[in-house]
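Engineer: This is the structure, below, for whatever I ask next.
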Amino acid sequence: MNRPLPEIAIGALGATAFWAALAASSMSAANLKDFAGPAATAFAAVIAGLIAYQLGRSQVEVAEKSWATANEKIVLDLFDKRLAIFEEIRSIISEVVRNGTAPTELHFRYVRAIDRVPYFFGGEVQAYLEQLRLHLLDLDLSNTMMENLIDPDRPKWVEKRSEQFLAVTQFYKEAASLFAPYMKAHQKA
């Protein structure tokens, strides 16, 4: 039987009271005094134990709810930090796609944006963002090399620029599946 402790204690207390009443009815007044002191002490101890048990249970419930609230706050803070990193990266990629270039200043912003990635995302996101950084560098190089209109390798640089630009635009397709597991408000670290 899996009865909670208070039910067992109340049952024991009731049985004790029954036998005490039965014994008291057959006792003399002098013997009743000798029996009443210890019985009252035992009764008070059982009641104090029940009260302590109930208080302990309520304290455990409060502690569990406090832990759950603190845990939810940590998860929400982690989500906010991850979202800020993602939005900064997306903002930089949007500028690259809008302008078709990845100048040095934009590259430095990108490096600053991904600087905290190892602390908030897994290795697969880090590897992807590093590949994206290399595409940004190659896009900038290709744009620079294309400026020389008489260079015999210009068609090669035009092709390379197109490849790098398309690789950067893939961010909008690939990032969702990579970042999504980390952007849900749950406990993935």
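Engineer: Test each condition in (1) buried (at least 16 other Cβ atoms within 10 Å of the Cβ); (2) under 15 Å from F165 (Cα atoms) for R98 and report the one that comes out false.
Structural biologist: (1)
Engineer: Can you tell me which residue is most open to solvent (accessible area, probe 1.4 Å) among those in segment 140-189 that are under 17 Å from I85 (Cβ atoms) and among the aliphatic types (A, V, I, L, M)?
Structural biologist: In this case the residue turns out to be A189.
Engineer: Looking for something open to solvent by 60 Å² or more (accessible area, probe 1.4 Å), part of a helix (DSSP H, G or I), touching a residue at least 12 places away in the same chain (Cβ under 8 Å) and over 23 Å from A180 (Cα atoms) - is there at least one such residue anywhere in segment 48-64?
Structural biologist: Yes, because at least one residue in segment 48-64 is open to solvent by 60 Å² or more (accessible area, probe 1.4 Å), part of a helix (DSSP H, G or I), touching a residue at least 12 places away in the same chain (Cβ under 8 Å) and over 23 Å from A180 (Cα atoms).
Engineer: Whether any residue in segment 118-138 is open to solvent by 20 Å² or more (accessible area, probe 1.4 Å), outside any helix (DSSP H, G or I) and not aromatic (F, W, Y) is what I want to check.
Structural biologist: Of all residues in segment 118-138, those open to solvent by 20 Å² or more (accessible area, probe 1.4 Å) come to 118-120, 123-124, 126-128, 130-131, 133-135, 137-138.
So of that shortlist, the ones also outside any helix (DSSP H, G or I) come out as none.
No, segment 118-138 has no match at all.
The values are calculated or read from the model by the stated rules, or taken from the named source; none is laboratory data. Since the structure is predicted, the reported quantities are computational estimates derived from the model, not experimental observations. Because the Cβ atoms are built from the backbone with ideal geometry, glycine has one as well, and the counts that use them run over all protein chains shown. Please note that ligands, DNA and RNA were not included when accessible areas were found on the heavy atoms of the full protein model with its side chains. Shrake-Rupley method; radii C 1.70, N 1.55, O 1.52, S 1.80 Å.
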